[in-house]
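Report on one structure; see the data block that follows.
Just so it is clear, none of the values below were taken in a lab; they were calculated from the coordinates. Computed from a predicted structure; not experimentally measured. With ideal geometry, Cβ positions are generated from the backbone for all residues, glycine too; neighbour counts draw on all protein chains shown.
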Amino acid sequence: MNRETPISTGCLNAPVLKQRGQHEVFCGLTGIIWLHRKMQDAFFLVVGSRTCAHLLQSAAGVMIFAEPRFATAILEEKDLAGLADAQDELDAQVSQLLQRRPDIRQLFLVGSCPSEVIKLDLSRAAERLSEVHAPNVRVYSYSGSGIETTFTQGEDACLAAMVPTLPPSEAHQLLLVGALPDVVEDQLTGMIEAMGIKVACLPARRSGDMPTIGSQTRLAVAQPFLGDTVSALTGRGAGLIPAPFPFGEQGTTAWLRAIADAFDVTDETFDAITAAPRARARKALDKVSETLRGKSIFFFPDSQLEVPLARFLTTECGMIPVEVGTPYLHRGLVGPDLALIPEGPLISEGQDVEKQLDRCRAARPDLTVCGLGLANPLEADGLATKWSIELVFSPVHGYEQAADLAGLFARPFLRKAALQL
Ligand code: SF4
């Protein structure tokens, strides 16, 4: 991205259609699937129902071959009779688990939405169990409830739960916030460190590498759905570096540039470190985006990645956004991306699903990005769809993944073309 480009406000000040009605959401427990892979000495104990256990098992079926690092403590109907007994039962389950698995250093008690679970005070349980099992294990709690949330809020709640326990420090440092696949995190932190910036990550891969936090900590946020985590971190004095999210060549460059500026890195150093991967990303993207150029796209609200992805697909792949729907429009985080989307699309927040389906069917976009529940009915109507959840499970950030990210959106077009041959 050219730093001399005149500042345009794009869709930043566009009117936002806010609708509240029936909405399609997916459960916040889903985050456990990618979080347990990231945090190698953590265990996630869902306090929930058989439905929660089924969701986790089916979403993470591959894990049956490995030593699992998540489980569901199923609360039976009879537990409703005495919540004190339920607390005792939970303590006993945790003790058994920690005895059997001495490798666990962080234990997350994850609440769910059945009413009997909501009545349990898991934060008090976490405090009590942390005291019992200190110093070997720290116990946290958060809610992964599927009521009124989007599936990415599970990660936000998990990371926010850790913030109060981060040790204070006045070091001038960067904190990379958001769970990224290790390979992607290594690429990004490698470039940041090459600029001479000390960087730590939340979440850390192991509890021993937990970051510190203070007024000299600057936050580079990698996922747009971490509003509560960022509030908790700024509440501890850290400062957010506003930037577009690191999707595509331009997004990654703008994100790194904002970090470099916050740490007074010279243009020469910045260019020396980013020039080669930028050129690679641009070349790879040019090829993949041929399929996408001029195609229209409609986003239903689901992952909270909608605004940064619309920015990427518009400015780097030549797509035409019709509607960019998002569950929550967190301007503090997605404002820089919103400002880069040229005026034109309808920006919508929240959902009244029937009305939104009517708008989508009327627009007949070339591609619709939506949750699992809406994809089949839309495909039945002859519309090509992309599951938004796939974008959270795939490595999509940074230069080396720029073409893969575009490729995820190109795939439905290529499949359709192959079927028509
Ligand atoms: S937390 Fe709620 S929505 Fe999620 S699996 Fe359990 S019962 Fe279903």
| remark: With Leu338 itself left out, Lys, Arg at +1 and Asp, Glu at -1 over residues whose Cβ is under 12 Å from its Cβ give -2
| field | Chain lengthening between Asp182 and Gln22 when straightened (0.36 nm per residue, less Cα-Cα) | value | 53.9 nm
| task | Using Cα pairs closer than 8 Å and at least 6 residues apart in sequence, work out the relative contact order for region 173-279, in percent. | result | 26
| query | What are the extents of the Cα atoms of region 173-279 along their three principal axes, listed from largest to smallest and rounded to whole Å? | reply | 36, 27, 25
| field | Sorted by Cβ density within 10 Å, fewest first, the residues Thr269, Thr385, Thr229 | value | Thr269, Thr385, Thr229
| message | Pairs of alpha-carbon atoms within less than 8 angstrom and 6+ residues apart define the contacts here; what relative contact order does the chain have, in percent? | response | 19
| said: Please compute the length gained on full extension between Lys198 and Ala71, using 0.36 nm multiplied by the number of residues separating them and subtracting their Cα-Cα distance. | reply: 42.2 nm
| field | Distribution of pairwise C-alpha distances over region 28-149, 5 Å bins, in % | value | 2, 11, 23, 25, 21, 13, 4, 0
| message | 5 Å is the cut-off here: which amide hydrogens, built 1.01 Å from N in the peptide plane, fall below it relative to Cys201, excluding neighbours closer than 5 in sequence? | response | Leu176
| remark: For the Ser394, Ala92 Cβ pair and Förster radius 30 Å, calculated FRET efficiency rounded to 0.05 is 0.15
| said: At 0.36 nm per residue, and after removing the present C-alpha to C-alpha distance, how many nm does the segment from Asp271 to Asp121 gain when stretched out fully? | reply: 48.8 nm
| said: Can you give the local net charge around Arg236? Use residues other than it whose beta-carbon is closer than 14 angstrom to its beta-carbon, Lys and Arg +1, Asp and Glu -1. | reply: -1
| Net charge of Cβ neighbours under 13 Å - reference Gly196; Lys, Arg +1; Asp, Glu -1 | -2
| query | Given a Förster radius of 45 Å and the C-beta distance between Arg206 and Arg364 as r, what FRET efficiency does 1/(1 + (r/R0)^6) yield to the nearest 0.05? | reply | 0.35
| message | Could you work out the relative contact order of region 28-149? I mean the mean sequence separation of Cα pairs under 8 Å and 6+ apart, divided by the number of residues, in percent. | response | 32
| message | Once each part is reduced to its C-alpha centroid, what is the distance from region 344-421 to region 80-142 in angstrom? | response | 39
| request: For region 145-198, state which GluC sites (Glu not before Pro) are in a DSSP loop and have at most 16 other beta carbons lying within 10 Å of their beta carbon. | output: Glu148, Glu170
| Anchor Lys416: lysines whose Cα lies under 23 Å away (excluding residues fewer than 8 positions away in-chain) | Lys287, Lys295, Lys386
